[in-house]
Every structure is written in C-alpha cells, then in structure tokens.
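The values are calculated or read from the model by the stated rules, or taken from the named source; none is laboratory data. Just so it is clear, the structure is predicted and the values come from calculations on it, not from any experiment. Cβ placement follows ideal geometry from the backbone for every residue including glycine, while neighbour counts extend to all protein chains displayed.
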Amino acid sequence: MKLNRILGNLLFALYFFVNGIHGGAHLFHNVPLGPAQYGFILIFFILFPIWALWKYHRGQEKFAFLILLISMIPASVFAFTYHFVLITPDNVCMFGNSLADLWFVVSAYMVSIVNFILIVFSAYVFLKSDVKGN
C-alpha cells in the first residue's frame with residue numbers, strides 16, 4: 001500500500017501542475033470560455049480533485065479515489081472534446097508551432113494523458129483497496 005501512497009501523491013501533484021500550466025496557457029492566449037465551461041472546470045477540474053486530495057490526506061484513500069474517478073471521467077471527456085474533436089478556439093489545431101502556441105498544445109496533450117492515468121489509477125485503487133470503512 002505504501003507504493004500506492006507514493007504514486008497517489010505524485011499523481012495528485014502532477015495533475016495540479018499540468019492543469020495549472022494549461023490554465024496559464026488558456027489565460028495567455030485569451031482562449032474564450034463560456035460561463036457553463038467555467039462552471040464545469042471549477043467543479044470537475046478544481047473542486048472535486050481538491051476534495052479528493054483532502055480525503056486522501058485524511059486517510060480515506062478509497063473514497064478519495066472514488067471522488068477522483070467520478071471527476072476525471074467527465075473532465076477527460078470535456079478536455080478531449082474541446083481540445084481535439086470540436087472546432088473551438090481551444091482546439092489544438094487552432095495553434096501554430098511558435099513556442100507560445102506549443103505551450104498550449106503540449107499542455108493540452110498532457111492534461112489528457114494525466115487525466116487518463118488518473119482514471120486508471122483511481123479505478124485500480126478503488127477496486128483493489130483493502131481499506132475498510134472509507
């Protein structure tokens with residue numbers, strides 16, 4: 001279980017780091033988002049992961065990763081859809097290959113990759129956890 005704790009801490013740190021980098025790219029490029037998109041991001045990308053991190057550090061590992069799993073599935077669909085499927089201002093195809101544009105594009109890919117890793121890890125910890133009472 002100690003390996004899960006180390007990986008969990010690293011994944012939480014990586015998640016917040018990558019999403020902070022990508023959020024900065026959104027601000028730098030003035031990518032417009034609607035009120036519903038901001039609300040979705042606030043709930044599924046920020047509040048739920050913070051709640052999960054809080055539960056995780058209070059020793060409720062299984063419940064923390066259930067919260068994270070519940071938030072990462074819609075967050076991943078949202079990020080993938082807006083960055084790679086729909087033709088929107090934050091689709092990666094709208095950016096060139098300058099260093100500033102690559103900041104946005106690479107961080108968009110990293111958000112999708114980290115979210116996928118968190119889905120897999122959260123499902124694994126939730127399903128295999130031997131912690132009782134969480």
**OP:** Please tell me if residue 13 is at pLDDT 95 or above and either touching a Phe, Trp or Tyr at 6+ places or on another chain (Cβ under 8 Å) or basic (Lys, Arg) (or both).
**Re:** no
**OP:** Working only within segment 85-134, note down all residues that are without any contact (Cβ under 8 Å) to a residue 12 or more places away in the chain and under 17 Å from residue 6 (Cα atoms).
**Re:** 120, 124, 128
Original post:
Do we find a residue being of a type in the set (Gly, Ala, Ser), within 16 Å of residue 16 (Cα to Cα), in a helix (DSSP H, G or I) and modelled with pLDDT of 95 or more anywhere in segment 109-117?
Top reply: yes
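State whether the residues of segment 20-29 include one that is among the aliphatic types (A, V, I, L, M), closer than 30 Å to residue 127 by Cβ, in a helix (DSSP H, G or I) and modelled with pLDDT of 95 or more.
Scanning segment 20-29 turns up no residue that is among the aliphatic types (A, V, I, L, M), closer than 30 Å to residue 127 by Cβ, in a helix (DSSP H, G or I) and modelled with pLDDT of 95 or more.
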Original post:
Pick from segment 84-103 the residues that are β-branched (Val, Ile, Thr) and not in a loop (DSSP other than H, G, I, E, B): which of them is nearest to residue 24 (Cα to Cα)?
Top reply: 92
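Yes or no: residue 67 surrounded by fewer than 19 Cβ atoms within 10 Å (Cβ to Cβ), modelled with pLDDT of 95 or more, part of a helix (DSSP H, G or I) and not small (Gly, Ala, Ser)?
So residue 67 fails the test.
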Subject >> Qualifying position, being under 30 Å from residue 129 (Cβ atoms), polar (S, T, N, Q) and buried (at least 18 other Cβ atoms within 10 Å of the Cβ), among 19, 9, 4 >> reply: 19
